[in-house]
1. Toward the positive end of the charge dipole of the range 96-194, about the Cα centre and with charges on Cβ (Lys, Arg +1; Asp, Glu -1), which of Leu118, Gly189, Val96 goes farthest?
2. Can you give me the relative contact order of the range 187-309 as a percent, contacts being Cα pairs under 8 Å and 6 or more apart?
3. What relative contact order, as a whole-number percentage, does the range 94-197 give when Cα pairs under 8 Å and 6 or more residues apart are counted?
4. Exactly which GluC sites (Glu not before Pro) in the range 138-240 are in a DSSP loop and have at most 14 other Cβ atoms within 10 Å?
5. Among 51-59, 285-293, how do they line up from the highest to the lowest mean number of other beta-carbon atoms within 10 Å?
6. Mind ordering 61-68, 266-273, 91-98, 183-190 by average Cβ neighbours within 10 Å, highest first?
7. Using protein chains only and a probe of 1.4 angstrom, how many square angstrom of Arg112 are accessible, to the nearest 10?
8. Please report, in debye to the nearest 20, how large the charge dipole of the range 118-186 is about its Cα centre when each Lys and Arg carries +1 at its beta carbon and each Asp and Glu carries -1 there.
Amino acid sequence: MAAPAESTSETPTNKKQKKSKNTEETELQTVPDGWKEPKFSRVDNPKGLLEESSFATLFPKYREVYLKECWPLVQKALGDVFVNATLDLIEGSMTVHTTKKTFDPYAILRARDLIKLLARSVPFEQAVRILEDDMACDIVKIGTLVRNRERFVKRRQRLIGPKGSTLKALELLTSCYVMVQGNTVSALGPYSGLKEVRKVVLDTMKNIHPIYNIKTLMIKRELANDPELRTQSWERFLPNFRHKSLSKRKQPKKKTVKKEYTPFPPPQPESKIDKELATGEFFLRESEKRRQKMNEIKAKQAEALTKRQEQRQKDFIPPKEKPVVKKSKPGTTPSAKDGRRKKVKS
């Protein structure tokens, strides 16, 4: 009897140990406020890169003038990271490649994103922010999501909103820069914001209004400020919008009711001989049959003649006259007459 008592005494301690382990894990997972990753410097990679790597992208014709103007600024910004950039106006392409002095291996990828953003009509002032450590970019292709061109233009305009109000609200909530141009949506900002921007853009192209997603983002922003609710589930606070199909199929005026299915074929229609056998005409002689037919014809003719005569006689029947009502003269009413008689008697 002593063994089970020992096991029961050990169970609560094990539970406490498990709880303490879980709390330690959650503490390790959470990032402390105000913490930033240290910058990558030449001390981290003093020998530099082994091989040269390069990336190239094409740009549309209408961006040629702007890129020509801002290209010295692009070269200066990439020169700080020791990355060379070349602009080819004949081919319409931009190329970036590393040098012997390049020490940051991720710098070439940032330079690639920079030229991509410039090609997608993002202004240089915003595109340069991609060279920072906390920044990332995402280019969402929306051209193939909607087949009908008119519908695509309407949904793209819905994403921008009246005077760009919807896009501005999305930028404020996600702390990202969003640029809608042609068949793509370019976004620049932190990773968490880019994830939300992509979701909103794809939902808008699926005919879900962006105001619903903006409302959920506003609620999430308020909940994130509360330290007690950070570790809890937010599903109970978030609104659940259901897609309602308002367009109902038009019902036909005359509905054909389907008959119940039966495996048996329909009954065979009666022939002329069957009908004669049922009435007994089959056993009559030919002379009698002829006589019967003649009598039927004569009866029909007599009915038709009487109808015709009735219709002819309608014209000669006089219409009913209304009874004539005699109009009484003024002053000859029975009350006036009685008054005169009384005067004569007196």
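The values are calculated or read from the model by the stated rules, or taken from the named source; none is laboratory data. Small disclaimer: the values here were computed from a predicted structure and weren't measured. In this analysis, Cβ positions are derived from the backbone assuming ideal geometry, glycine residues included, and neighbour counts consider all displayed protein chains. Accessible surface areas use protein heavy atoms only, side chains included; no ligands, DNA or RNA. Shrake-Rupley method; radii C 1.70, N 1.55, O 1.52, S 1.80 Å.
1. After comparing all options, I get Leu118.
2. Working: 25 pairs, mean separation 12.4, N = 123.
After rounding, I find 10 percent.
3. Numbers: 113 pairs, mean separation 29.3, N = 104.
Across the range 94-197, relative contact order equals 28 percent.
4. Sparse-neighbourhood loop GluC sites (Glu not before Pro): Glu228, Glu235.
5. Numbers: 51-59: 13.8, 285-293: 10.2.
With the highest mean Cβ count within 10 Å placed first, the list reads 51-59, 285-293.
6. Details: 61-68: 11.8, 266-273: 7.9, 91-98: 18.2, 183-190: 20.8.
Going by the mean number of other Cβ atoms within 10 Å, highest first, we get 183-190, 91-98, 61-68, 266-273.
7. Here the accessible area works out near 70 Å².
8. Numbers: 12 positive and 7 negative charges, 157 e Å.
Computed charge dipole of the range 118-186: roughly 760 debye.
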